[in-house]
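Colleague: Questions regarding the structure given below will be posed in turn.
Where a number appears in this text, it was derived from the coordinates with a stated rule and is not lab data. Since this is a predicted model, take the numbers as computed values, not measurements. Cβ sites come from the backbone with ideal geometry, for glycine too, and all protein chains shown count toward neighbours.
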Amino acid sequence: MSSLSRLSRRHFFSAAAGFAAAASAPRAGFAQAPAAAPAATPAATGPFLVPPLPYPTNAFEPHIDARTMEIHHDKHHGAYVANLNTLAKTNPQLGTSAVPDILGNLNALNDDIKFAVRNNLGGHANHTMFWEIMGPNGGKPEGEVLAAIGDLGGLEKFQTDFNAAGGRQFGSGWVFVTVTKDGKLAIENRPNQDTPIMDGKRVLMGNDVWEHAYYLNYQNRRPDYLKAWWNTVSWSKIAERYAAAKAGTLGV
Ligand SMILES: [Fe+2]
C-alpha cells in the first residue's frame with residue numbers, strides 16, 4: 001500500500017474512531033441543536049481521499065456554521081483531492097510518496113505539474129491538519145504545550161500574535177504554528193496553500209484565513225473569525241501532534 005494510501009487510511013480510521021467516540025460521549029457541548037450528519041466523503045477515485053470529519057458539521061456553531069463546514073470540507077478540500085487524483089493518473093509517483101517528502105522537494109517535480117502539486121497537495125495537507133486540530137470541548141493547553149507557548153510570552157500573547165499574523169496575511173493564506181523536533185514553537189504565515197512543510201518544517205497547528213473559511217458568517221470581519229476560531233481548537237489533538245513532532249513522526 002502506498003504511503004498516501006496509508007495516510008488516507010490512517011486518517012479514515014482515526015477519524016472514524018473519533019466520530020464514534022464523539023457519538024457516544026455526553027452531548028453537553030452541542031445539546032441545544034440536533035447533530036448534523038457527518039459530512040459525506042466523496043468516493044475514492046485515486047490514491048487521495050478527503051478524511052471524514054471526526055465531528056458533526058454543526059459542532060462549532062455559532063463560531064463556525066454548519067454550512068461553512070460542509071462547503072469547506074466537501075467542496076473546497078474535495079476539489080484539491082479531486083485535482084490530485086487527476087494528477088496522479090499521469091504522475092503515479094504522487095500516490096506512492098509521503099506527502100511531506102513531496103512538499104519538501106517541489107523543485108524535484110517536472111515544471112508542468114509543480115504549480116498544481118504545490119497548490120493542491122498543499123491544500124490537502126493544510127486542510128487535513130485543520131480538521132484534525134479542531135474538536136468540540138477542546139479544553140486548554142497543558143503540560144509541555146503550555147510550557148512551549150510560555151516561551152512565546154504566554155497563552156494570551158500567543159493567541160494575540162497568532163491572530164495578528166492571520167489578519168496581516170494579504171489575500172488568501174494560512175497562519176501556522178511550526179514546531180521543531182526539540183519542541184520550540186514559532187508563528188508563521190504563508191500565502192495561498194503554501195505550508196512550512198515546503199521549507200522542511202513541521203506544522204503543529206494552523207488556521208485557514210481564506211475567505212471560504214469564514215465568509216458566510218463573518219464577511220469581511222476576518223479578525224472576528226480569528227478570535228472566535230479559538231473556541232473550536234482541540235488542545236488534546238494539538239498535544240498529540242506536539243508529542244509526534246518531538247518523536248519525529250508528525251506528518252502533515
Ligand atoms: Fe480552506
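Colleague: Per 0.36 nm of contour for each residue apart, how much would the distance between Thr45 and Ile113 grow if the chain were fully extended, relative to their Cα-Cα spacing?
Modeller: Full extension from Thr45 to Ile113 adds 22.6 nm.
Colleague: Evaluate the distance, in nm, between pseudo-label points positioned 7 Å from the Cα of Asn91 and of Asn231 along their respective Cα→Cβ axes.
Modeller: 4.1 nm
Colleague: Here is the link list: Lys114/Lys184; Lys201/Lys237; Lys75/Lys184; Lys157/Lys201. Which ones come out longer than 25 Å on Cα distance?
Modeller: Lys114/Lys184; Lys75/Lys184
Colleague: Tell me, Thr90, Thr195, Thr180 in order of fewest to most beta-carbon neighbours within 10 Å?
Modeller: Ranked by crowding around the Cβ, least crowded first: Thr90, Thr180, Thr195.
Colleague: Using only the alpha-carbon atoms of the stretch 68-158, report the extent along each of the three principal axes, biggest first, to the nearest angstrom.
Modeller: Its Cα atoms span 47, 31, 21 Å along the three principal axes.
Colleague: Tell me which residues come under 5 Å, amide H to amide H, from Thr57 once H is placed; ignore anything under 5 positions away on its chain.
Modeller: Ala36, Ala39
Colleague: To the nearest 20 debye, what charge dipole does the stretch 149-252 have about its Cα centre, counting +1 at the Cβ of each Lys and Arg and -1 at the Cβ of each Asp and Glu?
Modeller: 120 debye
Colleague: Let me ask something else about it. May I ask for the net charge around Thr249, where only other residues with Cβ less than 11 Å from the Cβ of Thr249 are counted and Lys, Arg are +1 while Asp, Glu are -1?
Modeller: +3
Colleague: Let me ask something else about it. Consider a paramagnetic label point 7 Å from the Cα of Ala79 along Cα→Cβ; state which residues of the stretch 209-228 have an amide N under 12 Å from it.
Modeller: Counting backbone N atoms under 12 Å from the label point, the list is 211-213.
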